[in-house]
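Here's the structure we're looking at; comments come further down.
Each reported figure results from applying straightforward, stated rules to the coordinates on display, with no laboratory input. Please read all numbers here as calculations on a predicted model, not as lab measurements. Every residue, glycine among them, receives a Cβ derived from its backbone with ideal geometry; neighbour counts consider all protein chains shown.
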Amino acid sequence: MTELFTPASQPTLNSPVRDCYVSNPYPCYRSPTPEAAKPAIVKALVKAAQNSNPARHEAWYTTPRLDVKTGLKKPFIKRMNAHRARAVNALMVAMADRLNIVSGKVEASVEQLSDWCGLSTGNGAKKSISRASRALTTLEELGAIKCERVWDDSTHSYIPKIIWVTELFFVLIDYEVGKFLSAQNQQLAWENKKLREKGEGPITLSEARRRAKEKHIKNAFDYRLKKRAFNKQRRHARKIDEMAPSQARHFIINDLVKLHSKDELEAMGHQGLRRLVDQRYHALRKLAASTAPPPDTP
């Protein structure tokens, strides 16, 4: 990997402007959970990805690339540019680290992979993950990964892509496919043992993939519902925040009267009710000023 990662190859003050047209010329994957215990196979895959140069593997010159949307063969490119190659290499390490051994699913979204590799630019509503997205599309065109897109009718948009690795993924990082398949079967046997202990029947690799997809879709929908509820609550909080304090407190009291029964209000007493109004008022003002989305993004 001399060409892509050695200090000698980094830009100098005399380098052409073209060398610096990306915000992070040398992306590197940083695990969000560096202290977490990982299976030996995952550690081996990460090490293989770090010690190889996936973006310069011979497969790029011998395997036809297919357009993701049309399935048509794309024109042959002699050499991937250095910035795209570095992004590909960083993402390969990230996907190796987040790989579910049994299902072959990458347990991360494109946005998360982009953030962890330092490929994202901007933040909040102006965040851009296009560099990571283009690099992943390049890998998908080659056939090293497969991205599955699921349409959400409720929001009329796609949920975060489901990323699966193929056998070519292991070829690019110079890891024996046979070793991975052996580890996969061993892990599946261990998963089935746990299922039997729970009184459930064993599953196949196909069933494991189906369940992984089902879980991904459920998590994405749950997150969107949570985000939608958060935005609705924040709009309500901002409406309260724009009122005069006395008017806002009166508004909150009316809400609390609707939420609690007569007996509950009597047991609370006027001091308890006032304390609850104060707590709700300050919490709503804090929410009104918040711009952070709900945690655990898919």
Query - Sequence-distant lysines (8 or more away, or on other chains) whose Cα lies within less than 18 Å of residue 127 - result: 161, 227
Requested in this report: Kindly put 171, 106 in sequence by how many other C-beta atoms sit within 10 Å of each C-beta, fewest to most.
Outcome: 171, 106
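About the Cα centre, and with charges only on the beta carbon of Lys, Arg (+1) and Asp, Glu (-1), how big is the dipole of the chain? Nearest 20 debye, please.
For the chain, the charge dipole is close to 600 debye.
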**Report entry** Residue (of 113, 168, 247) at the positive-pole extreme of the chain, dipole from beta-carbon charges
**Finding:** 247
Query raised in the report: Modelled label-to-label distance, residue 186 and residue 38, 7 Å Cα→beta-carbon offset: nm?
Result: 1.7
Query raised in the report: How far, in degrees from 0 to 90, does helix 245-259 lean away from the longest principal axis of the Cα atoms of the chain, to the nearest 10?
Result: 90
Query raised in the report: Which net charge results when you count Lys and Arg as +1 and Asp and Glu as -1 among the other residues whose beta-carbon is under 15 Å from that of residue 289?
Result: +4
Query raised in the report: Quick one: which of 198-204, 222-228 comes out on top by average Cβ neighbours within 10 Å, and what's the full order, highest first?
Result: 222-228, 198-204
**Report entry** Length gained when the stretch residue 128-residue 255 is fully extended (0.36 nm per residue, less Cα-Cα span)
**Finding:** 41.7 nm
Query raised in the report: How large is the helix-only mean residue ellipticity at 222 nm for the chain, computed as the sum of -39500 (n - 2.57) over DSSP H runs with n ≥ 4, divided by its residue count, in deg cm²/dmol to the nearest 500?
Result: -18000 deg cm²/dmol
Report task. Name the residue, out of 241, 278, 174, whose mean-square fluctuation peaks in a Gaussian network model built on the chain with Cα pairs under 10 Å. Result -> 278
Report summary line: Note: residue 264 to residue 82 extended length (0.36 nm per residue) minus current alpha-carbon separation gives 58.8 nm
Query raised in the report: If the cut-off is a Cα-Cα distance under 16 Å, which aspartates and glutamates reach residue 73, setting aside same-chain residues fewer than 8 apart in sequence?
Result: 140, 141
Requested in this report: May I ask for the angle, rounded to the nearest 10°, between helix 262-289 and the longest principal axis of the chain, with both axes built from Cα atoms and the value confined to 0 to 90°?
Outcome: 40
Report summary line: Mean-square fluctuation maximum in Gaussian network of the chain, Cα pairs under 10 Å, restricted to 261, 23, 31, hits 261
Query raised in the report: How far, in degrees from 0 to 90, does helix 40-51 lean away from the longest principal axis of the Cα atoms of the chain, to the nearest 10?
Result: 60
Report summary line: Calculating volume of the Cα convex hull per residue in Å³ from this structure picks out, from (1) 222; (2) 152; (3) 129, entry (1)
